[in-house]
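Here's the structure, in structure tokens; my notes come after.
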Number of protein chains: 2
Amino acid sequence: MPTPNSQQRALLERAAAVIPGGMWGHQSVAMVPDGYPQFFERAEGARIWDVDGTPYLDFMCGYGPNLFGYGHPSINAAYVRQMEQADTLTGPTARLVELAEAFVGMVSHADWAMFCKNGTDATSMAMVTARAHTGRQKLILARGAYHGAAPWCTPRPSGTLPSDRAHQIHCTYNDVESLNAAAAEAGDDLAAIFAAPIKHDAFIDQEAPTLAYARRAREICDQTGAVLIVDDVRAGFRLARDCSWSTIGVQPDLSTWGKCIANGHPISALLGADKLKAAAAGIYVTGSYWYQAAPMAAGLETLRLIRETPYLEHTVRLGQRLRDGLAERASAAGFGFRQTGPVQMPLFLFDDDKDLRLGFAWATAMLERGVYTHPWHNMFLCNAMTDEDITFALDAAEASFTHLKSAAPGLGPVAKMAFLLA
Amino acid sequence: MPTPNSQQRALLERAAAVIPGGMWGHQSVAMVPDGYPQFFERAEGARIWDVDGTPYLDFMCGYGPNLFGYGHPSINAAYVRQMEQADTLTGPTARLVELAEAFVGMVSHADWAMFCKNGTDATSMAMVTARAHTGRQKLILARGAYHGAAPWCTPRPSGTLPSDRAHQIHCTYNDVESLNAAAAEAGDDLAAIFAAPIKHDAFIDQEAPTLAYARRAREICDQTGAVLIVDDVRAGFRLARDCSWSTIGVQPDLSTWGKCIANGHPISALLGADKLKAAAAGIYVTGSYWYQAAPMAAGLETLRLIRETPYLEHTVRLGQRLRDGLAERASAAGFGFRQTGPVQMPLFLFDDDKDLRLGFAWATAMLERGVYTHPWHNMFLCNAMTDEDITFALDAAEASFTHLKSAAPGLGPVAKMAFLLA
């Protein structure tokens with residue numbers, strides 16, 4: 001917690017002077033409980049230290065990129081080795097081809113790959129490729145799904161125009177009837193259906209895709225020639241060693257990747273099936289650092305670890321222990337505590353907590369006990385977490401539920417979450 | 001040059017199998033002479049080595065990022081030191097604040113900074129900030145100017161829609177009358193004027209901004225409340241230790257930066273004046289890796305070198321030697337050889353060479369002599385270049401002009417440049 005003389009407080013003041021709002025984007029503390037640290041100074045494995053030296057067991061994992069642990073030795077060594085040899089040049093290195101081959105070898109629907117920097121780059125490229133391939137305009141997206149922060153998709157529209165979102169039709173995730181209605185509305189102008197691999201929207205319970213919804217999306221695309229896009233930026237390789245929808249047997253035409261594919265080194269990807277290859281070759285997308293070799297080298301090592309280690313089984317096992325242990329402790333304290341999403345990508349919400357006053361108070365109590373959780377965004381487990389870490393988190397949770405039980409009656413409204421009551 | 005058994009040839013074949021078109025974006029060799037290498041394996045200072053081990057003195061400098069030399073020791077050391085301590089986390093480090101302070105201290109129009117990954121991120125953020133600030137829609141852009149590769153600005157529109165470019169009005173760079181006409185067309189709906197700091201369009205002679213044009217852009221914005229944006233992604237810190245238009249005394253409201261600000265490590269920036277700060281705080285833009293600390297640490301060291309070393313005077317002096325020496329040699333060989341743009345960001349075009357057959361043949365001859373030039377895109381000098389390098393380039397140029405003199409009459413059309421004749 002910042003005190004008047006803390007490094008955190010000093011940095012917040014300096015930031016307010018030279019950064020709009022003191023901070024922008026998803027890592028701003030404007031929407032998490034007061035007292036959450038904004039600035040950090042060190043990270044190792046599953047832990048981060050704020051600028052005052054306080055450590056936290058970090059269940060945000062950098063909002064996703066941290067899969068194998070912060071500062072992973074072999075991934076960082078691959079990065080540095082490549083950086084010293086050749087990184088941002090006048091052309092790519094062989095790492096680009098090797099990484100494309102590695103993705104194509106692992107992701108069953110993919111015949112080719114293109115690399116970029118942001119998840120938003122990948123989703124934007126998917127949109128443009130689908131429109132180039134079909135010569136059509138309309139996109140179907142699930143209402144509330146996050147597909148990036150460009151003008152066509154940012155969740156907060158300030159400064160964007162209705163024309164930035166032209167030709168978008170919204171459906172409800174897992175609602176086949178609404179998908180059918182959207183497809184009917186698009187008619188013969190349907191270019192693509194975007195699908196999150198799971199419903200991982202903020203502020204609400206997470207949902208696995210129903211088989212009926214996923215299959216119907218595939219069927220509509222097969223019938224109309226539209227392109228099925230699975231946006232695996234957030235969940236890719238956290239649910240499977242393949243595209244997330246491979247677990248339910250539905251193959252997209254394009255998939256988008258980012259976050260953990262190089263364990264936090266900056267790279268994202270668009271993968272596609274052969275039938276989209278000519279269209280992808282015809283679009284013009286690029287960036288100054290897109291051909292950087294060092295993140296590709298880190299990606300190659302990350303993909304090797306994904307193929308060759310039991311990281312997935314490990315994070316699922318720890319996630320299940322966490323879920324079971326939290327359920328038991330919440331129930332013992334008398335709280336309705338909903339844990340949704342895959343166990344390795346959980347989101348926690350309290351019953352009867354519309355403005356998140358319980359959630360904010362519990363997360364604050366967890367933070368004070370050295371565990372960084374998020375009150376309304378899905379979290380992530382990483383392979384660097386241990387059974388001891390889960391025990392540590394459960395002990396903190398037990399104390400936090402106990403604290404909340406006595407504190408709850410006195411909790412006031414959470415001003416920054418008032419919009420949820422509107 | 002690839003031979004049937006070369007590494008280059010083998011990689012091109014593997015790339016064609018798993019990458020659309022074998023490569024995408026500005027580093028594709030599809031638009032440079034046949035035989036230009038696509039893949040590289042090593043870089044140091046001013047030189048790059050292709051995958052067959054052939055070295056080139058590189059006048060592309062990674063299309064801009066290489067300002068202080070590939071693999072710069074102190075910049076890379078800053079990167080690695082920060083990467084080992086804390087890089088992509090759940091929040092930023094103090095480097096973010098320090099880098100914002102450094103930019104604000106160096107760029108005279110700037111009161112605040114936001115960081116992102118691509119140059120296109122920065123120009124898109126500038127557009128959205130301007131629209132948020134003004135509540136208006138129209139943008140004025142110079143026809144043919146490059147401001148990125150998102151749907152709203154990519155130079156090749158395949159897969160984009162007219163709605164992606166709604167509310168754009170084009171003028172002609174340095175043509176005050178066309179700027180006035182564009183402003184008149186925008187009327188009271190003018191949100192922003194985008195201006196490249198110099199006309200650095202591909203395929204044509206480069207132009208410095210006229211004072212009349214720059215001042216009129218400023219004046220229109222002052223009169224209408226619109227936002228003046230200088231897109232310094234490509235030229236920033238190559239012409240001045242401040243925004244490029246500081247050299248002509250015209251201050252923008254927003255400026256966009258990228259390329260060389262961390263010597264090739266992936267970071268870009270939007271800088272703004274105080275009056276835009278509230279609007280910038282209200283837009284939602286973000287990316288998984290935008291808060292990465294290592295590129296910020298590299299940026300801090302790069303900005304220190306920009307402030308404390310004579311890199312600018314050095315690249316200008318070498319650029320002038322190159323320009324004078326090339327002019328002399330071209331003239332001696334009887335060629336009309338136009339060198340435009342600042343001497344440290346030159347572009348070369350031959351007279352009477354519409355489909356670039358002379359340019360392609362000369363560039364190929366240079367490449368064969370170990371000098372990597374570009375036949376239609378502006379180039380860059382870097383601080384790692386020496387007088388010996390310029391002598392090496394001039395010797396190669398002399399031989400290449402001599403070669404071209406005898407080869408010119410036999411040159412056929414350049415198929416890949418046929419579109420220039422249309």
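Observations
- Karplus-based coupling profile of the stretch A:224-237, in residue order and whole Hz: 9, x, 6, 10, 8, 10, 9, 8, 9, 4, 7, 9, x, 6, with θ = phi - 60° in 6.51 cos²θ - 1.76 cosθ + 1.60 and x standing for Gly or Pro.
- Debye equation applied to the C-alpha atoms of the protein assembly as shown, log10 I(q)/I(0) at 0.04, 0.05, 0.06 Å⁻¹: -0.17, -0.26, -0.38
- Averaging the sequence gap over all C-alpha pairs within less than 8 Å and six or more residues apart, then dividing by the number of residues, gives the stretch B:104-222 a relative contact order of 25 percent.
- Number of partner chain Cβ atoms within 10 Å, mean per residue of A:25-31: 5
- Look at the stretch A:117-126: the mean tally of other chain Cβ atoms within 10 Å of its residues' Cβ atoms is 5.
- Normalised contact order of the stretch B:193-275, rounded percent, pairs of Cα under 8 Å and 6 or more residues apart: 25 percent
- For the residue pairs A:Lys416/B:Lys275; A:Lys138/B:Lys354; A:Lys354/A:Lys405; B:Lys199/B:Lys354, the alpha carbons lie more than 28 Å apart in A:Lys138/B:Lys354.
- CD proxy at 222 nm, helix term only [per DSSP H run n ≥ 4: -39500 (n - 2.57); per residue of chain B; nearest 500]: -12000 deg cm²/dmol
- Computed from backbone phi with θ = phi - 60° and the Karplus coefficients 6.51, -1.76 and 1.60, the 3J(HN,Hα) list for the stretch A:243-254 is 4, 4, 6, 5, 5, 10, x, 10, 9, x, 8, 10 Hz; x is used for glycine and proline.
- Scanning residues 5 or more positions from B:Arg42 or on other chains, those with amide H under 5 Å from its amide H are B:Trp49, with H placed 1.01 Å from N in the peptide plane.
- Amide H contacts under 5 Å for A:Phe237, placed H, 5+ residues apart: A:Asp242, A:Ser244
- With the convex hull drawn over the C-alpha atoms of the stretch A:73-308, the volume per residue is 128 Å³.
- Rounded if a/c under 1.5, otherwise prolate or oblate - the stretch A:323-385, Cα gyration tensor axes: rounded
- Pseudo-label separations to other copies for A:Gln223 - Cα-to-Cβ vector, 7 Å, nm: 5.8
- The order of A:Ser246, A:Ser108, B:Ser74, going from fewest to most other C-beta atoms within 10 Å of their C-beta, is A:Ser108, B:Ser74, A:Ser246.
- In order along the stretch A:149-156, the Karplus-derived 3J(HN,Hα) couplings, from 6.51 cos²θ - 1.76 cosθ + 1.60 at θ = phi - 60°, round to 10, 7, x, 6, 9, 4, x, 10 Hz, and Gly and Pro are given as x.
- Antiparallel %, DSSP beta bridges [both residues in the protein assembly as shown], to 5: 55 percent
- Other-chain or far-sequence residues with amide H under 5 Å of B:Phe337's (modelled H): B:Asp351
- Sorted peptide list for B:334-341, B:52-59, criterion being average Cβ within 10 angstrom, highest first: B:52-59, B:334-341
- Length gained when the stretch A:Arg321-A:Glu185 is fully extended (0.36 nm per residue, less Cα-Cα span): 44.5 nm
No value in this document is a laboratory result; all are computed from the given coordinates. Being a predicted model, the structure only gives us computed values, none of them experimental. Every residue, glycine as well, gets a Cβ built from its backbone with ideal geometry; the counts of neighbours run over all protein chains shown.
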